[in-house]
Amino acid sequence: MNMSTINVDLSPKEALQQFFGFNTFKGEQEAVINSVLEGRNTFVIMPTGGGKSLCYQLPALMMEGTAIVVSPLIALMKNQVDAIRGFSDRDGIAHFLNSSLSRTETIKVKDDIRSGLTKLLYVAPESLTKRRTSSSSPRSTSASSPSMKRTASVSGATTSARNTAGCAPFSTRYSVCR
């Protein structure tokens, strides 16, 4: 699947087929995805295997900007990133940013985000409060970019916000845009 040119004009069902090869949604996925796509803050609780990941992954692929997913489990981040990359011809489509990365790998992730290549970024909770001092800090990402979008997924709960005017992506404090 080529995701080099992502078509944001697809319906959720068309995007589901194009990006993941599925013909139908599971349970309440479609309603959740529509809520996120409509720009509403959305809180979702689903059982294990209920399809939570798709509820933020599909909107992230359909919408402009980068979705930020907060996950305390490094192994889960890697698994999710590998799965998304499996549907794309670009590794930069999804990244994780955590303590397992070397400095060089971290710089590559930040460069891909700044260039607009990354659609999904998985981060560890501690990275949201960690102080940064280097000039390659993610803090230097433009906070005024109209295409930046945040989706935070924590323990299966998904909330989405668009329009980051006044928000500081990757700052020493994480704030959801209103």
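The values are calculated or read from the model by the stated rules, or taken from the named source; none is laboratory data. This structure is a prediction, so every number in the text was calculated from the model and none was measured. Note that we place each Cβ from the backbone using ideal geometry, even for glycine, and neighbour counts take in every protein chain shown.
Screening Tyr56 on (1) under 21 Å from Leu16 (Cβ atoms); (2) in contact with a Pro (Cβ under 8 Å, 6 or more places away or on another chain); (3) not charged (D, E, K, R) shows it passes everything except condition (2). Going by what's in this entry, would Phe25 be described as assigned to a loop (DSSP other than H, G, I, E, B), at pLDDT 95 or above and not polar (S, T, N, Q)? Judged against the criteria, Phe25 is a match. Checking each residue in the stretch 102-136 for being in a loop (DSSP other than H, G, I, E, B), surrounded by 15 or more Cβ atoms within 10 Å (Cβ to Cβ) and modelled with pLDDT of 90 or more picks out Leu117, Thr118, Lys119. Filtering the stretch 89-101 to residues that are surrounded by 13 or more Cβ atoms within 10 Å (Cβ to Cβ) and in contact (Cβ under 8 Å) with a residue 40 or more places away in the chain leaves Arg90, Ile93, Leu97.
Specify the residue that is surrounded by the fewest Cβ atoms within 10 Å (Cβ to Cβ); the eligible residues are those in the stretch 78-88 that are in contact (Cβ under 8 Å) with a residue 40 or more places away in the chain and under 11 Å from the mean Cα position of the chain (by Cα). Ranking the qualifying residues of the stretch 78-88, first place goes to Val81.
If only residues of the stretch 37-70 that are of a type in the set (Val, Ile, Thr), part of a loop (DSSP other than H, G, I, E, B) and modelled with pLDDT of 90 or more are counted, the one that is surrounded by the most Cβ atoms within 10 Å (Cβ to Cβ) is Thr66.
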